[in-house]
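Have a look at the structure below before the remarks.
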Amino acid sequence: MLSIRISRPQILMPGLCGLSSTRLYASAHMTDNMGSAASSSGLERLHFDNVVLRRLPLDTSQEPGSRTVRGACFSRVQTQPLLKPRFVAVSAPALSLLGLDAEEVLQDKLGAEYLSGSRLLPGSEPAAHCYCGHQFGHFAGQLGDGAACYLGEVRAPLNQSPELLRDNPAGRWEIQLKGAGLTPYSRQADGRKVLRSSVREFLCSEAMFWLGIPTTRAGSLVTSESRVLRDIYYSGQPRSERCSVVLRIAPTFIRFGSFEIFRPQDELTGRKGPSVNLSDLRAQLLDYVIDTFYPNIQQDHAEDRIKRNTAFFREVSERTARLVAQWQCVGFCHGVLNTDNMSVLGLTLDYGPFGFMNRFDPDFVCNASDTGGRYSYRAQPSVCRWNLVRLAEALGPELPPHLAEAVLNDFLPLYNAHYLGIMRRKLGLLRRESPEDEELVTLMLQTMHNTGADFTNTFRCLSQVPCPGVLAKGCDSGEPSDLGDHAVEMLLSHCASLEELRAAQRPTMDPRELAMIMTLAQSNPSLFQFLSDRKSVSQELQRLERFKELLEMSEEQLRERQREAWKCWLYKYRMRLALECKGESDLAELEAERVRVMNRTNPLIVLRNYIAQNAIEAAEIGDYSEIWKSSSGLMWSVT
């Protein structure tokens, strides 16, 4: 279920609002007025307890440049200073996890230096994590933190909310800087991140938190006068961009790929993990993860290692199923679901080319590099299961294959249960569970796809479709025909125009290649049948068919078709709402509860690409207020 956290706002200063103890500040007009810090700032008083570096082997080599790291889970690194670091924004709720006050951090004259890696926080021990990964389905060998730097683990304040510590039984928050410079895992890169990508990570980390979706957090965003070259469009014309750093917070950043450092040579790629055959180290890493983050599992199965490991794998699988169900229900597409981007705690990890859908499209792809659609919206549940298979393989003899298979067999049923449970709340179906509910959801999504309906807005406006017998807002009567017409027109207002649908369905395959395939249909039907079974060709042919149909259609014909489609679905939905109301004595109370739950489950605003882009473009000319506006709007998106 989505768990939404809401706080009431209060005015902080002219032109800039915040959220009391859960506010987010943008430093648009603050960076030149930081004031003097106390002799010991909150950042300098952080209580570090860097357990992971004591429990797991640490590579202490100072050898410069990238290298293979064998027999270690972390490598010592040195952060590299930035020129004139300054705050762009801080997240008060995220910083409060560490016991920090956001205003004090902003006013600390050394704050931006500490949170960019330009100055070392007392008690921190910079290190980079070693991991491997399967990228786009192929084992890539050693990857590791090429731009992220572990600073240490900060003990949670004594008064930390039990809710916040529920999924962090260790009571320590790992903090890391993303973009702080070179590590042994940087390969050919420079270890830096730029303002553009850092704004996206900062905004989406906190947006997902406010949506109630498990995620790593972003505590601060610092930029600088240091610059690097980036070829944004891969056009051979790189441009100079500001180096920027995000402070990331989580119980741990250990991921599926952390266990793949033990993988033997891959038959396809020929690559292997840097710590292959070091079974004792694998056991040590597994013990650390279970002891620290799953202590109940350790306690329940202390005498049986295999049962313990199976219970751990089952819990990771369940958390992953719940997470991807939550993604699907808000139209979120991660974009790079490689095994090195999958958290062992079931958190959304690493925000790269993510995207929230606008018009509903099950084949939505947010990563321009994903030409085959491996990480499309539709594929995310199956990809997450595929990644769990890779994790089971990486655990090797610690998890017998037949036990792993039994857990994996439950993944899709678990995902479906979580998904349908959230969808019922999105539709306001709270009292009863009907066997037809899954069909109702499927039909709605098909209707959204066929009509080009906006995913977020369509669900949001359904709270205005009342149970039978309740007068709808904006209707003159409670008559079914009046209610139906009102609801249909409301839904139609979020559907695509003919021009938009034509643009969306325009074939993407090279016309010559498509013409060759169509010629084969006439000259060699058997070969054509073979080719058309390929996913990409099949999808392209379907697009072509829909595109041709749209070319022959007028705007009026499209509107009538969209109207009829929504009438059909609304009839079924109203019938289901009638079942929901059956036997209820107080329809007004039921309706109020429905609206409240639906509006807390269906966001009013998500981090659409244009919102992030507006914030980026403003930030690049020194105006950080759009970051605050975006964040505050996203925080209020579910209410």
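Out of the residues in the stretch 239-297 that are of a type in the set (Val, Ile, Thr) and without any contact (Cβ under 8 Å) to a residue 40 or more places away in the chain, state the one that is nearest to ARG55 (Cα to Cα).
By that ranking, first place goes to ILE290.
Conditions tested, residue by residue: (1) over 32 Å from the mean Cα position of the chain (by Cα); (2) modelled with pLDDT of 80 or more; (3) within 29 Å of ARG359 (Cβ to Cβ); (4) of a type in the set (Gly, Ala, Ser).
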position	(1), (2), (3), (4)
ASP476	yes, no, no, no
LEU491	no, yes, yes, no
THR508	no, no, yes, no
ARG512	yes, no, yes, no
ASN524	yes, no, no, no
LEU527	yes, no, no, no
VAL537	no, no, yes, no
Scan of the stretch 612-624 for residues that are closer than 17 Å to GLU206 by Cα and open to solvent by less than 30 Å² (accessible area, probe 1.4 Å), ordered by number: ALA612, ALA615, ILE616, TYR624
Consider ASP304 against the criteria (1) more than 30 Å from LYS426 (Cβ to Cβ); (2) crowded, with 23+ Cβ neighbours inside 10 Å: it satisfies all of them except one. Which criterion is unmet? (2)
Taking the stretch 430-465, which residues are open to solvent by 10 Å² or more (accessible area, probe 1.4 Å) and assigned to a loop (DSSP other than H, G, I, E, B)? LEU430, ARG431, ARG432, GLU433, SER434, PRO435, GLU436
For LEU83, state whether it is open to solvent by 50 Å² or more (accessible area, probe 1.4 Å) and either out of contact with any helix residue (DSSP H, G or I) (no Cβ under 9 Å at 6 or more places or on another chain) or not in a loop (DSSP other than H, G, I, E, B) (or both). yes
Selection from the stretch 545-574 of residues that are hydrophobic (A, V, I, L, M, F, W, C) and either open to solvent by 30 Å² or more (accessible area, probe 1.4 Å) or in contact (Cβ under 8 Å) with a residue 60 or more places away in the chain (or both): LEU551, LEU558, ALA565, TRP566, CYS568, TRP569, LEU570
Scanning the stretch 239-254 for residues that are touching a Gly at 6+ places or on another chain (Cβ under 8 Å) and of a type outside the set (A, V, I, L, M, F, W, C) gives SER244, ARG248
Looking across the stretch 583-622 at residues that are acidic (Asp, Glu) and touching a residue at least 60 places away in the same chain (Cβ under 8 Å), the single one that is farthest from LEU427 (Cα to Cα) is GLU620
Test for ARG271: is it charged (D, E, K, R), in a loop (DSSP other than H, G, I, E, B), closer than 24 Å to GLY146 by Cβ and touching a Phe, Trp or Tyr at 6+ places or on another chain (Cβ under 8 Å): yes
Scanning for something among the aliphatic types (A, V, I, L, M), open to solvent by less than 10 Å² (accessible area, probe 1.4 Å), farther than 30 Å from ASN450 by Cα and part of a helix (DSSP H, G or I), does the stretch 329-343 turn up at least one residue? no
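Residue-wise test of (1) within 25 Å of PRO122 (Cβ to Cβ); (2) open to solvent by less than 40 Å² (accessible area, probe 1.4 Å); (3) of a type in the set (A, V, I, L, M); (4) assigned to a loop (DSSP other than H, G, I, E, B).
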{"position": "GLU153", "(1), (2), (3), (4)": "yes, yes, no, no"}
{"position": "ALA170", "(1), (2), (3), (4)": "yes, yes, yes, yes"}
{"position": "TRP173", "(1), (2), (3), (4)": "yes, yes, no, no"}
{"position": "LEU177", "(1), (2), (3), (4)": "yes, yes, yes, no"}
{"position": "ALA180", "(1), (2), (3), (4)": "yes, yes, yes, yes"}
{"position": "GLN188", "(1), (2), (3), (4)": "no, no, no, yes"}
{"position": "GLY191", "(1), (2), (3), (4)": "yes, yes, no, yes"}
Pick from the stretch 432-470, criterion small (Gly, Ala, Ser) and touching a Gly at 6+ places or on another chain (Cβ under 9 Å), ranking: farthest from ASN599 (Cα to Cα): GLY469
Assess whether SER317 counts as being touching a residue at least 12 places away in the same chain (Cβ under 8 Å), under 17 Å from VAL389 (Cα atoms) and either open to solvent by 10 Å² or more (accessible area, probe 1.4 Å) or touching a helix residue (DSSP H, G or I) at 6+ places or on another chain (Cβ under 8 Å) (or both). yes
Kindly establish whether LEU634 is in contact (Cβ under 8 Å) with a residue 40 or more places away in the chain and out of contact with any Asp or Glu (no Cβ under 8 Å at 6 or more places or on another chain). no
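How many residues does the stretch 99-143 hold that are in a loop (DSSP other than H, G, I, E, B), open to solvent by 10 Å² or more (accessible area, probe 1.4 Å) and over 30 Å from CYS384 (Cα atoms)?
Here is the first cut: in the stretch 99-143, the ones in a loop (DSSP other than H, G, I, E, B) are 99-101, 108-110, 115-126, 130-131, 136-137, 143.
From what is left, the residues that are open to solvent by 10 Å² or more (accessible area, probe 1.4 Å) are 99-101, 109-110, 118-120, 122-126, 131, 136-137.
Adding the requirement that they be over 30 Å from CYS384 (Cα atoms) leaves 99-101, 109-110, 118-120, 122-126.
Counting residues in the stretch 99-143 that are in a loop (DSSP other than H, G, I, E, B), open to solvent by 10 Å² or more (accessible area, probe 1.4 Å) and over 30 Å from CYS384 (Cα atoms) gives 13.
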Determine whether the stretch 575-588 contains at least one residue that is open to solvent by 50 Å² or more (accessible area, probe 1.4 Å), part of a helix (DSSP H, G or I) and of a type in the set (D, E, K, R). no
Filtered residues of the stretch 203-253 (kept if under 26 Å from VAL344 (Cβ atoms) and touching a Cys at 6+ places or on another chain (Cβ under 7 Å)): none
Return the total of residues in the stretch 96-151 being farther than 20 Å from CYS243 by Cα, of a type outside the set (A, V, I, L, M, F, W, C) and under 23 Å from the mean Cα position of the chain (by Cα). 9
Determine which single condition LYS548 fails, assuming it passes every other condition in (1) more than 20 Å from GLY428 (Cα to Cα); (2) within 34 Å of the chain's Cα centre (by Cα); (3) part of a helix (DSSP H, G or I). (2)
Give me a count of the residues in the stretch 344-384 that are farther than 20 Å from VAL606 by Cβ and outside any loop (DSSP other than H, G, I, E, B). 3
Per the filter on the stretch 228-247, residues surrounded by 10 or more Cβ atoms within 10 Å (Cβ to Cβ) and either in a strand (DSSP E or B) or on the phi > 0 side of the Ramachandran plot (or both) are VAL228, LEU229, ARG230, ARG239, GLU241, ARG242, CYS243, SER244, VAL245, VAL246, LEU247
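Could you tell me whether PHE356 is within 18 Å of the chain's Cα centre (by Cα), of a type in the set (A, V, I, L, M, F, W, C) and either more than 22 Å from TYR610 (Cβ to Cβ) or buried (at least 21 other Cβ atoms within 10 Å of the Cβ) (or both)? Before you say what the answer is, go through the steps one by one.
Numbers: within 18 Å of the chain's Cα centre (by Cα): yes; of a type in the set (A, V, I, L, M, F, W, C): yes; either more than 22 Å from TYR610 (Cβ to Cβ) or buried (at least 21 other Cβ atoms within 10 Å of the Cβ) (or both): yes.
Spelling it out, PHE356 is indeed within 18 Å of the chain's Cα centre (by Cα), of a type in the set (A, V, I, L, M, F, W, C) and either more than 22 Å from TYR610 (Cβ to Cβ) or buried (at least 21 other Cβ atoms within 10 Å of the Cβ) (or both).
The values are calculated or read from the model by the stated rules, or taken from the named source; none is laboratory data. Please read all numbers here as calculations on a predicted model, not as lab measurements. When we count neighbours, we look across all protein chains shown, and the Cβ atoms used for this are built from the backbone with ideal geometry, even at glycine. With ligands, DNA and RNA removed, areas are computed over all heavy atoms of the protein, side chains included. Shrake-Rupley method; radii C 1.70, N 1.55, O 1.52, S 1.80 Å.
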